[in-house]
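Mind looking over this structure? Questions follow.
The values are calculated or read from the model by the stated rules, or taken from the named source; none is laboratory data. From a predicted model like this one, the values you see are computed outputs, not experimental measurements. Remember, those area values only see protein heavy atoms, side chains included, never the ligands or the DNA or RNA. Shrake-Rupley method; radii C 1.70, N 1.55, O 1.52, S 1.80 Å.
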Amino acid sequence: VPGDASNNPWVERGPNNIGGRTRVVLFDPNDATHKRVFAGGVSGGLWVNNDITDANSSWQQVGVSKNLAVTCITVDPNNSQIMYISTGESYTNDNGVGNGVWKSIDGGNSWVNVFNDAGSSINDRVFFINTILAWNNPTTNKTEVFVGIGGSYYSNSGQDTGENKIGLYKSINEGADWSKLVLDTPNLTSYEPNDLEIDANNTIWLGTENNNFFHGGGTILKSTDGINFTVAHTISNGQRT
């Protein structure tokens, strides 16, 4: 049964004629009419619709290549004109490859790549970002941006991809520089972030998935300072949380 009631059905609003999955939608916080919506496609591209209430309103590609897997979006809590999107996902066998983090300073109209660590080895490149979060640090009252980088293992070739980049990264200067946080599993390999959220008390919560070594899945961590994360709960035999 579509929707949650007979008088409130789900109605398709696009994007039209685009296959694959839409992993993120965002109502534009700068639109006073609450009609402008962004959508990111794992199969490719960032799209925008200027009137989501109009079934005839078309979706337009904006900012990044339509072949680039767009997986997450976040807005600077101190400046809604600043937005970040992350690219690539490591969930499926036909992994959607990305090239890091993109940033907009004009409310999503134009985008520039601000984090794409293209190392010399295939294991040193940022291909898959599973989650992104802009958080206001209550001590400094400044925005910090977190990204969760994943890796992939291709069993038919025995090849790890992005293995050396797996983990949680942070920028405290609007994406100009990024540093990796020390966040290791009991097996001394990096946790692979799957989802980042903020609760009503401004605490950061982090869900994980198994990394390339099949470590760390099913773990929920939290942080109040954006530096130190502690394990809040572990799901036995959990893989992706």
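Please work out the Cα center distance from the stretch 200-235 to the stretch 44-68, rounded to the nearest Å.
33 Å
Considering Cα pairs under 8 angstrom that are at least six residues apart, work out the relative contact order of the chain and quote it in whole percent.
Here the relative contact order equals 10 percent.
Further question: By how many nm would the segment from Ser43 to Asn109 lengthen if fully extended, with 0.36 nm per residue of separation less the alpha-carbon distance?
21.7 nm
Follow-up. Accessible surface of Glu12 in the full protein assembly, 1.4 angstrom probe, to the nearest 10 Å²?
Surface open to solvent at Glu12 totals about 140 Å².
Gain in length, Asn137 to Arg21, computed as 0.36 nm per residue apart minus the alpha-carbon separation, to one decimal in nm?
Going from the current span to full extension adds 38.5 nm.
For the chain, what number of Lys pairs, 8 or more residues apart or on separate chains, have alpha-carbon atoms under 25 Å from each other?
Value for the chain: 16.
When a/c is below 1.5 the answer is rounded, else prolate if a/b is larger than b/c, else oblate, so apply that to the stretch 18-116 with a ≥ b ≥ c taken from the square roots of the Cα gyration tensor eigenvalues.
Oblate.
Okay, next question. In sequence order, what are the phi-derived ³J(HN,Hα) couplings for the stretch 77-82 according to the Karplus relation 6.51 cos²θ - 1.76 cosθ + 1.60 with θ = phi - 60°, rounded to whole Hz, with x for glycine and proline?
Karplus values, whole Hz, x for Gly and Pro: x, 9, 7, 5, 6, 9.
Build a GNM of the chain with springs between Cα atoms under 10 Å: which of Gly107, Gly216, Gly148 gets the top mean-square fluctuation?
Result for the chain, Cα springs under 10 Å: Gly107 fluctuates most.
Continuing with the same structure: Run the 1.4 Å probe and let me know the accessible area of Phe27, rounded to the nearest 10 Å².
Estimated to the nearest 10 Å², Phe27 gives 120 Å².
I want to verify the translational diffusion coefficient of the stretch 174-241 in µm²/s; compute it with Stokes-Einstein, Rh as the Kirkwood radius over Cα pairs, at 10 °C and 1.306 mPa s.
Roughly 128 µm²/s, to the nearest whole number.
Just the Kirkwood number for the chain, please: inverse of mean 1/r across all distinct Cα pairs, in Å, one decimal.
One over the average 1/r among Cα pairs gives 18.6 Å for the chain.
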